[in-house]
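Enquirer: This structure is in structure tokens; I'll ask about it shortly.
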Amino acid sequence: MKRALALARRGWGQTAPNPMVGAVVVRAGRIVGEGYHARHGGPHAEVAALTKAGKAARGATVYVTLEPCSHWGKTPPCTDALIAAGVARVVCATRDPSKNAGGGARKLRRAGISVEFGLEAEAARELNAPFYFAHEARGRPFVTVKLALSADGAVGRRGAGRVRITGAAAEREVHRMRANSDAIAVGVGTALADDPALTVRLSKAARIPPVRVVFDRRARLPLKSSLAATARAIPTVLLAGKPAAARELRLFKAGVEVFRTKSLRHGLQLLAQHEVRSLFVEGGPTVVRALLAARLVDRIVIFQSPRCLGAGAIAAFDDASLLDRYRVVARRRFGPDVMTIYDPTSRPT
């Protein structure tokens, strides 16, 4: 199953709105076929693995990271392919939560195939967390916030403009994360200070370029900013709160879509209605603090540098011990920097 999960990750940024799925076919203790869902609309993982296994699939066990689908979509049901191949057993990490595709286990069992669930279930759900979240009737996107912090917990230095905190390896990982998100967001403060492009440049391009989102209550985003200037080429959304009709109209004419929102939650709900299932928020700290206070954050990604910013440093959080209250989901090193992913919806064990 761990091999199936590793295969599933190869579909990163290419399968949305479908999940990433991997499958491994084993017979007599030997892998005879493996595959993954490489791109939305293409063959599913089970079909790719069965194709490689060929006749060796008969009587085999198939390890798959998600319950095989039982419906006709862009491709035929995976359950039909498994039954036709004559497999004896299917081990699934997790059930498929979707109403259309779920229920594959019942169909397989009716055909006499043994089906089991639960192996590496937590890892499988974490890999496709936005997919599961979308089927839990939350009415908003799965929200991940990312911050780069210095060793002393700062995001910058007052009066210093943009300060580079982390290294090249960490920056490449951020772009990889962008590629698997439906939208990338910043607050207007970050947009004004850094003039970001919010595009995927240092990683394999996403199948669909992420929408750029700016939290901007008074519609202050300049027309000459990178985001507004390229809005006709890359979808760009501004979440405005205060009436600013003249500025909103100018941005709209430049190609920026303006949503008038009542609150942060309402803004996220509007994004969800426009097929944004996962939102990657890259700051700044004002937006992150507001989202945390409203309990609208599902994951926090911290890239911590060994570099100290010292005097004049701008703290990321008012409470330096905040992150200690959350469960650590993963931790990895990228060059000199350490990435830690936290789940703010659960406590450490």
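The values are calculated or read from the model by the stated rules, or taken from the named source; none is laboratory data. Given the structure is predicted, the values throughout are model-derived calculations rather than measurements. A quick note on method: Cβ atoms are made from the backbone with ideal geometry, for glycine too, and the neighbour counts reach across all protein chains shown. Calculation scope for accessible area: heavy atoms of the full protein, side chains included, ligands and nucleic acids excluded. Shrake-Rupley method; radii C 1.70, N 1.55, O 1.52, S 1.80 Å.
Enquirer: If you go through the stretch 187-215 one residue at a time, how many are under 19 Å from Gly167 (Cα atoms), of a type in the set (Asp, Glu) and in contact with a Ser or Thr (Cβ under 8 Å, 6 or more places away or on another chain)?
Expert: The qualifying residues number 0.
Enquirer: Which residues, counting only those in the stretch 169-198, are part of a loop (DSSP other than H, G, I, E, B) and buried (at least 18 other Cβ atoms within 10 Å of the Cβ)? Spell out how you get there, then give the answer.
Expert: Kept after step one, since they are part of a loop (DSSP other than H, G, I, E, B), are these residues of the stretch 169-198: 180-182, 195-198.
Within the stretch 169-198, Asn180, Ser181, Asp182, Pro196, Leu198 qualify.
Enquirer: Every residue in the stretch 94-119 that is in contact with a strand residue (DSSP E or B) (Cβ under 9 Å, 6 or more places away or on another chain) and open to solvent by less than 60 Å² (accessible area, probe 1.4 Å), please.
Expert: Restricting attention to the stretch 94-119, the residues satisfying the condition of being in contact with a strand residue (DSSP E or B) (Cβ under 9 Å, 6 or more places away or on another chain) are 94-95, 104-106, 108-109, 113-119.
Once the filter is applied, which keeps residues that are in contact with a strand residue (DSSP E or B) (Cβ under 9 Å, 6 or more places away or on another chain) and open to solvent by less than 60 Å² (accessible area, probe 1.4 Å), the stretch 94-119 yields Thr94, Gly104, Ala105, Leu108, Ile113, Ser114, Val115, Gly118.
Enquirer: Show the residue pairs that are 6+ apart or on different chains and have beta-carbon atoms under 8 Å apart, the first residue being within the stretch 186-198 and at positive phi, the second being in a loop (DSSP other than H, G, I, E, B) and open to solvent by less than 40 Å² (accessible area, probe 1.4 Å).
Expert: So the pair list comes out as Asp195/Ser225; Leu198/Pro210; Leu198/Glu282.
Enquirer: If Leu198 satisfies all but one of (1) closer than 19 Å to Arg172 by Cα; (2) modelled with pLDDT under 95; (3) among the aliphatic types (A, V, I, L, M), what's the number of the condition it fails?
Expert: Tallying (1) closer than 19 Å to Arg172 by Cα; (2) modelled with pLDDT under 95; (3) among the aliphatic types (A, V, I, L, M), Leu198 fails exactly one: (2).
Enquirer: Condition first: within 20 Å of the chain's Cα centre (by Cα), surrounded by fewer than 12 Cβ atoms within 10 Å (Cβ to Cβ) and part of a loop (DSSP other than H, G, I, E, B). Now tell me which residues in the stretch 274-333 satisfy that.
Expert: If the condition is that a residue be within 20 Å of the chain's Cα centre (by Cα), surrounded by fewer than 12 Cβ atoms within 10 Å (Cβ to Cβ) and part of a loop (DSSP other than H, G, I, E, B), then Arg295 is the only one that fits.
Enquirer: Further question on the same structure: Return the residues of the stretch 206-234 that are open to solvent by 70 Å² or more (accessible area, probe 1.4 Å), in contact with a Lys or Arg (Cβ under 9 Å, 6 or more places away or on another chain) and either at pLDDT below 95 or not hydrophobic (A, V, I, L, M, F, W, C) (or both); say none if nothing qualifies. Explain how you work it out, then say what you get.
Expert: So the first thing to find is which residues in the stretch 206-234 are open to solvent by 70 Å² or more (accessible area, probe 1.4 Å), and the list is 208-209, 217-218, 220, 223-224, 229, 232-233.
Okay, now just the ones that are also in contact with a Lys or Arg (Cβ under 9 Å, 6 or more places away or on another chain), so 217-218, 220, 223.
Answer for the stretch 206-234, where residues must be open to solvent by 70 Å² or more (accessible area, probe 1.4 Å), in contact with a Lys or Arg (Cβ under 9 Å, 6 or more places away or on another chain) and either at pLDDT below 95 or not hydrophobic (A, V, I, L, M, F, W, C) (or both): Arg217, Arg218, Arg220.
Enquirer: Further, regarding this structure: Looking only at the stretch 68-93, count how many residues are in contact with a Lys or Arg (Cβ under 7 Å, 6 or more places away or on another chain) and open to solvent by 10 Å² or more (accessible area, probe 1.4 Å).
Expert: Kept after step one, since they are in contact with a Lys or Arg (Cβ under 7 Å, 6 or more places away or on another chain), are these residues of the stretch 68-93: 70, 79, 85-86.
Now drop any that are not open to solvent by 10 Å² or more (accessible area, probe 1.4 Å), which leaves 70, 85-86.
Going through the stretch 68-93 one residue at a time, the tally reaches 3.
Enquirer: Continuing with this model, one more query. Can you name the condition, by its number, that Arg162 falls short on among (1) over 29 Å from Arg327 (Cα atoms); (2) modelled with pLDDT under 90; (3) open to solvent by less than 20 Å² (accessible area, probe 1.4 Å); (4) not acidic (Asp, Glu)?
Expert: So Arg162 meets the others, but not (3).
Enquirer: Give the stretch 242-258 a look and list any residue that's buried (at least 17 other Cβ atoms within 10 Å of the Cβ), out of contact with any Phe, Trp or Tyr (no Cβ under 9 Å at 6 or more places or on another chain) and not in a helix (DSSP H, G or I), or say none.
Expert: Ala244, Ala254, Val256
Enquirer: Next question, about the same structure. Among the residues of the stretch 130-146, is any open to solvent by 60 Å² or more (accessible area, probe 1.4 Å) and closer than 23 Å to Gly11 by Cβ? Outline the logic, then answer.
Expert: From the stretch 130-146, those open to solvent by 60 Å² or more (accessible area, probe 1.4 Å) are 135-138; that's our starting set.
With closer than 23 Å to Gly11 by Cβ added as a condition, the list becomes 135-136.
Within the stretch 130-146, one or more residues are open to solvent by 60 Å² or more (accessible area, probe 1.4 Å) and closer than 23 Å to Gly11 by Cβ.
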